[in-house]
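S.K.: Structure provided below as structure tokens; questions to follow.
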Amino acid sequence: MLAIVVDDEINILEDIKRNLLRIEGVECRGAFLSSLEALKFVHKNTVELAILDIEMPGLNGIELASMMKDVQPDIQFIFVTGYDDYALAAYRLHAMDYITKPFSFAEFSQAVTRVGIMVDKLGAGNQNLTSRIEVRTFGKFDVYVDGTPLFFKYSKAKELFAYLVNARG
């Protein structure tokens, strides 16, 4: 799993990097003191996990996570912070965990492992998306998946799908 760490405190940043090295299957691709530098990195590189502090100068962790989601929608987040005031905002971004400082290695490792399981599931799901979908719109409206006609249980569902196909292009 490819991870980055963003924290404005160098000692916490180094501690999280050391903890990531202890967890099998995790590669720390970058550690950043600046949220803007981390955002630039995410624009150019694949990242599966971002471990973010919240209270940082410039962009705070919540704003940074929102911008990272726009760039890489499948990115997962763990927030590591000294404040518990932002937990609701973090979970609205579908954060995998919210850890308050100071934290134990066991707590941190459990959170990272949970993200690893999620990343594996997302990767497996993307491999199954190799079906060929064909939509025929002339005459009768039909949808085929790998040559097999798609059955719509309700006619309204088929009408809505036809409308969405039409609206898209």
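S.K.: Provide the solvent-accessible area of PHE103, counting protein heavy atoms only and rolling a 1.4 Å probe, rounded to the nearest 10 Å².
M.R.: For PHE103, the solvent-accessible surface is approximately 40 Å².
S.K.: Relative contact order of region 27-169, please, whole-number percent, based on alpha carbon pairs below 8 angstrom and at least 6 residues apart.
M.R.: Relative contact order here is 14 percent.
S.K.: Still on this structure: Not counting ligands, DNA or RNA, and with a 1.4 Å probe, what is ILE117's accessible surface area in Å² rounded to the nearest 10?
M.R.: 90 Å²
S.K.: Under 1.5 on a/c is rounded, so check that first for region 25-105, then, if it is not, pick prolate when a/b is larger than b/c and oblate when it is not; a ≥ b ≥ c are the square roots of the alpha carbon gyration tensor eigenvalues.
M.R.: Cα axes put region 25-105 in the rounded bin.
S.K.: Any idea what the dipole of the chain comes to, in debye rounded to 20, about its Cα centre with Lys/Arg Cβ at +1 and Asp/Glu Cβ at -1?
M.R.: 1080 debye
S.K.: Whenever you get a sec, compute what percent of the accessible area on the chain sits on carbon and sulfur atoms (1.4 Å probe). Numbers along the way, then the final one.
M.R.: Working: 5620 of 10460 Å².
Answer for the chain is 54 percent, counting heavy atoms of protein chains only.
S.K.: GNM on the chain, C-alpha springs below 10 Å: top fluctuator among LYS121, LYS140, LYS17?
M.R.: LYS140
S.K.: Return the label of the correct value of volume of the Cα convex hull per residue in Å³, as calculated from the structure shown, out of (i) 126; (ii) 107; (iii) 159.
M.R.: (iii)
S.K.: I would also like to ask the following. Kindly report the accessible area of the chain per residue (heavy atoms of protein chains, probe 1.4 Å, no ligands, DNA or RNA), in Å².
M.R.: Per residue, the chain has an accessible area of 62 Å².
S.K.: Over region 57-117, calculate the relative contact order: mean separation of alpha carbon pairs under 8 Å at least 6 apart, over the residue count, as a percent. Please list the in-between numbers first.
M.R.: Numbers: 49 pairs, mean separation 18.6, N = 61.
Relative contact order, region 57-117: 31 percent.
S.K.: With the crude spin-label approximation of a point 7 Å out along Cα→Cβ, what separation in nm comes out for PHE103 versus LEU160?
M.R.: Taking the simple label geometry, PHE103 and LEU160 are separated by 3.8 nm.
S.K.: Any idea what angle helix 105-127 forms with the longest principal axis of the chain, computed on alpha-carbon atoms, 0 to 90 degrees, nearest 10?
M.R.: 20 degrees
The values are calculated or read from the model by the stated rules, or taken from the named source; none is laboratory data. This one's a predicted model, so the numbers in the text were calculated from it and none came from an experiment. No Cβ is skipped: glycine too gets one built from the backbone with ideal geometry, and neighbour counts run over all protein chains shown. Side chains included, ligands, DNA and RNA excluded: accessible areas come from the protein's heavy atoms. Shrake-Rupley method; radii C 1.70, N 1.55, O 1.52, S 1.80 Å.
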